[in-house]
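First up is the structure itself, then whatever we jot down about it.
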Amino acid sequence: MRRAVCPGSYDPATNGHLDVIERAANLFDEVVVAVLINKSKQGMFTIAERMQLLEEATAKLPNVRVDSWHGLLTEYCREQGIQSIVKGLRSVSDFDYELQMAQMNREISGVETLLMSNNPAYSFLSSSLVKEVATYGGDVTNMVPPVVHERLLARIAELG
Ligand code: PNS
């Protein structure tokens, strides 16, 4: 069985994330969407909330499941018997960091990373920008799954 992990902060998931997850699900028998900690980012949603949103947004994909992990990604792969990491590449500015992580992960574990070119329709999308635009009242309806849109507006209203 070919299994892959799509790791990320997913704070929250965007349509760009969903596009990569869906395409990975077409290539692998099983895809685990794993919510991990990125120490350089501050969260708007808890890990449990991010997982819930991902579960709802990927409900129609039968070979996709959602999980979370607090340690090294490669340790998760070892524990779960996952051979491949799949990540989306939006632009050349993503490439340096993604390549560095891919090489580090391979060095410490042998796990391979596949960098998938993003759908250009989503190349400008990031969770951080979506949150910023939505916080200032901008329309992000077409940038995130409907369930994320609803929760995002609710969270912004809560935060005042
Ligand atoms: O969505 P992001 O923030 O680009 O995802 C980055 C993430 C969470 C996949 C990365 O920070 C990560 O793998 N964190 C887990 C800890 C780890 O393994 N760090 C070493 C990376 S080489």
Open item on the list: Anything in the range 17-75 that is of a type in the set (Lys, Arg) and in contact with a strand residue (DSSP E or B) (Cβ under 7 Å, 6 or more places away or on another chain)? List them, or say none.
Closed with: Arg23, Arg50, Arg65
TODO: Residue by residue through the range 123-160, note down the ones that are among the hydrophobic types (A, V, I, L, M, F, W, C) and either surrounded by fewer than 19 Cβ atoms within 10 Å (Cβ to Cβ) or more than 18 Å from the chain's Cα centre (by Cα) (or both).
DONE: Phe124, Leu129, Val133, Ala134, Val147, Leu153, Ala154, Ile156, Ala157, Leu159
Task: Residue satisfying all of: in the range 23-46; outside any loop (DSSP other than H, G, I, E, B) and exposed (fewer than 15 other Cβ atoms within 10 Å of the Cβ); farthest from the ligand (Cβ to nearest atom) among these - done: Asn26
Open item on the list: Which condition from (1) touching a residue at least 40 places away in the same chain (Cβ under 8 Å); (2) under 19 Å from Glu22 (Cβ atoms) is the one that Arg65 breaks?
Closed with: (1)
- [ ] Looking at (1) open to solvent by less than 80 Å² (accessible area, probe 1.4 Å); (2) over 22 Å from Gln42 (Cβ atoms); (3) more than 16 Å from the chain's Cα centre (by Cα), find the lone condition where Leu61 falls short.
- [x] (3)
Open item on the list: If I filter the range 104-122 down to residues being open to solvent by 50 Å² or more (accessible area, probe 1.4 Å) and not in a helix (DSSP H, G or I), which single residue comes out as farthest from Leu152 (Cα to Cα)?
Closed with: Glu112
TODO: For the range 55-103, enumerate the residues that are under 16 Å from Asn26 (Cα atoms) and of a type in the set (S, T, N, Q).
DONE: Thr58, Asn63, Ser84
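Could you identify the single residue in Glu22, Glu56, Glu98 that is within 22 Å of Asn119 (Cβ to Cβ) and within 12 Å of the chain's Cα centre (by Cα)?
Being within 22 Å of Asn119 (Cβ to Cβ) and within 12 Å of the chain's Cα centre (by Cα) holds for just one of Glu22, Glu56, Glu98, which is Glu22.
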Open item on the list: What are the pairs with Cβ atoms under 7 angstrom where one residue, in the range 86-109, is within 17 Å of His17 (Cα to Cα) and the other, located anywhere, is in a loop (DSSP other than H, G, I, E, B)? Sequence gap at least six, or different chains.
Closed with: Gly88/Asn118; Leu89/Asn118; Arg90/Asn118; Arg90/Ser123; Ser91/Ser123
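Restricting to the range 70-114, give me the number of residues that are more than 10 Å from the ligand (Cβ to nearest atom) and among the aromatic types (Phe, Trp, Tyr).
Total meeting the criteria: 1.
The values are calculated or read from the model by the stated rules, or taken from the named source; none is laboratory data. Not measured: the values here are computed from a predicted model. Note that we place each Cβ from the backbone using ideal geometry, even for glycine, and neighbour counts take in every protein chain shown. The protein model used for the area step is the full one, side chains on, heavy atoms only, and it has no ligands, DNA or RNA in it. Shrake-Rupley method; radii C 1.70, N 1.55, O 1.52, S 1.80 Å.
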